[in-house]
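All of the numbers you see were taken from the coordinates with simple rules; none came from a lab. On a predicted model such as this, the values are computed, not experimentally measured, just so you know. Reconstructed Cβ throughout: ideal geometry from the backbone, glycine too, with neighbour counts over all protein chains shown.
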Amino acid sequence: MATLLIVHHTPSPNCQALFEAVVAGATTEDIEGVRVVRRAALSATASDVLAADGYLLGTPANLGYMSGALKHFFDQVYYPCLDTTKGRPFGYWVHGGNDVTGAVRGIETITTGLGWRRAADAVTVTGEPGRTDTEACWELGATVAAGLMV
Ligand SMILES: Cc1cc2nc3c(=O)[nH]c(=O)nc-3n(C[C@H](O)[C@H](O)[C@H](O)COP(=O)(O)O)c2cc1C
């Protein structure tokens, strides 16, 4: 069975709404043979990353970058995972107040360094998520999970 690891920093109800939509998409009944593991970014480890076959990452935009929690996650796992996770699929979502550019750039740069392969368009949301936003997050979760079905 394939494993999809969701690493997220979810500090508010708006972020929680997006996270729940991603999980709902990734665990929809049409997806078979994919185990979904969720980890708060501050508790995710290199072992979690090595044991997974694909990744979903979620963060708020903070001070023009990804959250410190997701940055800490990457700091911890980058070198331990560099050798063996190249080519693995991932997707991500970012929630912000008004400008998520720096967070997006940071995630793209680090995942390019890791050699991960983006398997779905990034979802970016500012302000209170609407139905279109949660649907996009659902699609994100479902797309990356479906790609892991064997
Ligand atoms: C210290 C701090 C810095 C922030 N920096 C940014 C930022 O650079 N860009 C942005 O779009 N939003 C920024 N925000 C807003 C957060 O992204 C937002 O609060 C978070 O996504 C949660 O959304 P919510 O407050 O609507 O629930 C910042 C929030 C805080 C507390």
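Quick look at the values:
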read-out: Inter-part distance where region 9-46 and region 114-149 are each reduced to a Cα centre, Å; value: 11 Å
read-out: Cut-off under 5 Å, modelled amide H: who pairs with Leu56 long-range; value: Leu5, Ile6, Val7, Gly91
read-out: Equivalent ellipsoid, the chain (semi-axes from 5 times Cα gyration tensor eigenvalues, Å); value: 21, 19, 12
read-out: Within the chain, helix-based [θ] at 222 nm, where runs of 4 or more DSSP H residues each add -39,500 (n - 2.57), nearest 500; value: -13500 deg cm²/dmol
read-out: Least to most buried among Tyr79, Tyr65, Tyr55, Tyr92 (fewest other Cβ within 10 Å first); value: Tyr79, Tyr65, Tyr55, Tyr92
read-out: For region 1-84, share of DSSP beta bridges that run antiparallel, in % to the nearest 5; value: 15 percent
read-out: Cα-projected label distance for Thr28 with Arg105, points at 7 Å along beta-carbon direction, nm; value: 3.4 nm
read-out: Residue-by-residue Karplus 3J(HN,Hα) for region 98-109, coefficients 6.51, -1.76, 1.60, Hz, glycine and proline x; value: 8, 8, 9, 4, x, 5, 4, 4, x, 5, 4, 5
read-out: Value in Å of the Kirkwood radius, where region 47-128 supplies the Cα pairs that are averaged; value: 12.9 Å
read-out: GluC sites (Glu not before Pro) lying in DSSP loop within region 1-102, provided at most 13 other Cβ fall within 10 Å; value: Glu29, Glu32
read-out: DSSP-defined antiparallel bridges as percent of all bridges, region 48-130, nearest 5; value: 15 percent
read-out: Relative exposure of Met66, Met149, judged by other C-beta atoms within 10 Å (fewest first); value: Met149, Met66
read-out: Which of Thr10, Thr45 has the fewest Cβ neighbours within 10 Å, and the rest in rising order; value: Thr45, Thr10
